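The values are calculated or read from the model by the stated rules, or taken from the named source; none is laboratory data. Note that this is a predicted model, so its numbers are computed, not measured. Neighbour counts are summed over all protein chains in view; Cβ atoms, including those assigned to glycine, are modelled from backbone coordinates with ideal geometry. Just the protein is used for accessible areas: all its heavy atoms, side chains included, with ligands, DNA and RNA removed. Shrake-Rupley method; radii C 1.70, N 1.55, O 1.52, S 1.80 Å.
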Amino acid sequence: MTDPWDRRNQPQGPPPQYPQGPPQYPQGPPQRPPQGPAPGYAAPPPPPGTPPQQASAPQQEETTPPKKRTGFLRDPLSIVLTIVIVVAVVASALIGIELYARSEGETKVAAAVECLVEDTADVSFGFTPPFLMQHMSGHYTNIHIETAGNQIRDMSGMKADVTVKDVRLEDTADSGGSIGSLVAKIDWTAAGMTQSIQNAIPLVGSLISGVTTNPSDGTVELEAALGNIVTKPAIKNGALTLEVTELTGLGFTLPRETIQPALDTLTSQLTNELPMNIKADSVDVTDTGVQAQFSTQNATIPKSEDDSCFSSI
């Protein structure tokens, strides 16, 4: 008996037909690469039995060789600029210190001069060598002093122009230093002489109305309502004097002894008690007044205890 379900007993049909050529796949939009899990969610674990995937080796990017950097100090221009800046800063600082120290020195010397002459004074130090070097060594090569011209002590209208050289500040037992040379040129105006004589000579001084200078004969004439007093400036024992040569009034001659002591007292105020052995050297009569020169050589500077005017130096 045969089995109806046995395929061997069933009739064989033609063999199946298969399409020729490569398999055709339906075309569609390009598939996007799978995206990772959203932020905040962990990726699901792989199913059991799945071998772990090895991370693909990162692709090596082509690297360019690093550029050779030039150091700051290897640049000649940078070195020059650095040196210039440093020199400028140092020079500015030195100039500032120089100006400050010079101003302080001038102020102290001016205070001493103003104490001596009883008038304001301007002081300036020589520019060579720099003041800082002079101050550190205590050796001042050149000092120039000029008073305002109001007065010198009680002598009205008198101005001093002083040059001091080779000053050395050295504290010793009997001095505060030394001065190589000092030359003072004194200008005494005719108006200042008139005022000084009016204040110095009692009675007769109040009668003096003016002063006339005569450069031709080197005399100074004191004019008064009752007569004239003719004087001749001169140097006597290192002091400036006004020697009376003629005194007339009301048509008769008066003895010079009546006025000479008063004039001597006036002029002695200029030279008496001058420090450092300063003496008068010469005197000239000009159209505007009288010019005299005073000087000293190799003099010692008084200590502040001996003369209070030098306490600031």
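General observations
- Qualifying residue in the range 267-278 (condition: in contact with a strand residue (DSSP E or B) (Cβ under 7 Å, 6 or more places away or on another chain) and in a loop (DSSP other than H, G, I, E, B)): yes
- Inter-residue pairs, beta-carbon under 8 Å, first in contact (Cβ under 8 Å) with a residue 60 or more places away in the chain and among the β-branched types (Val, Ile, Thr) and in the range 147-171, second loosely packed, with under 15 Cβ neighbours inside 10 Å and assigned to a loop (DSSP other than H, G, I, E, B), 6+ apart: Ile152/Glu118
- In the range 260-299, the residues that are among the hydroxyl-bearing types (Ser, Thr, Tyr), out of contact with any Asp or Glu (no Cβ under 6 Å at 6 or more places or on another chain) and surrounded by 17 or more Cβ atoms within 10 Å (Cβ to Cβ): Thr267, Thr271, Thr296
- The residue list Ile152, Ile201 contains one member that is under 18 Å from Ala112 (Cα atoms) and among the aliphatic types (A, V, I, L, M), which is Ile152.
- Hits in the range 80-99 (condition: open to solvent by 80 Å² or more (accessible area, probe 1.4 Å) and within 16 Å of Pro129 (Cα to Cα)): Leu94, Ile95, Ile97, Leu99
- Among the criteria (1) surrounded by fewer than 14 Cβ atoms within 10 Å (Cβ to Cβ); (2) touching a Gly at 6+ places or on another chain (Cβ under 8 Å), the one Lys303 does not fulfil is (1).
- Within the set Leu247, Leu240, the sole residue that is assigned to a strand (DSSP E or B), in contact with a helix residue (DSSP H, G or I) (Cβ under 7 Å, 6 or more places away or on another chain) and more than 30 Å from Ala111 (Cα to Cα) turns out to be Leu247.
- Residue within the range 197-219 that is surrounded by fewer than 16 Cβ atoms within 10 Å (Cβ to Cβ), without any contact (Cβ under 8 Å) to a residue 60 or more places away in the chain, of a type in the set (Asp, Glu) and within 27 Å of Ser295 (Cα to Cα) present: yes
- A residue that is in contact with a helix residue (DSSP H, G or I) (Cβ under 7 Å, 6 or more places away or on another chain), basic (Lys, Arg) and more than 30 Å from Trp188 (Cα to Cα) can be found somewhere in the range 92-106.
- Any hit, the range 249-261, residues being among the acidic types (Asp, Glu), more than 25 Å from Gly177 (Cβ to Cβ) and in contact with a strand residue (DSSP E or B) (Cβ under 6 Å, 6 or more places away or on another chain): no
- Filtering Thr241, Thr212, Thr248 for residues that are at pLDDT below 85 and of a type in the set (S, T, N, Q) leaves a single hit, Thr248.
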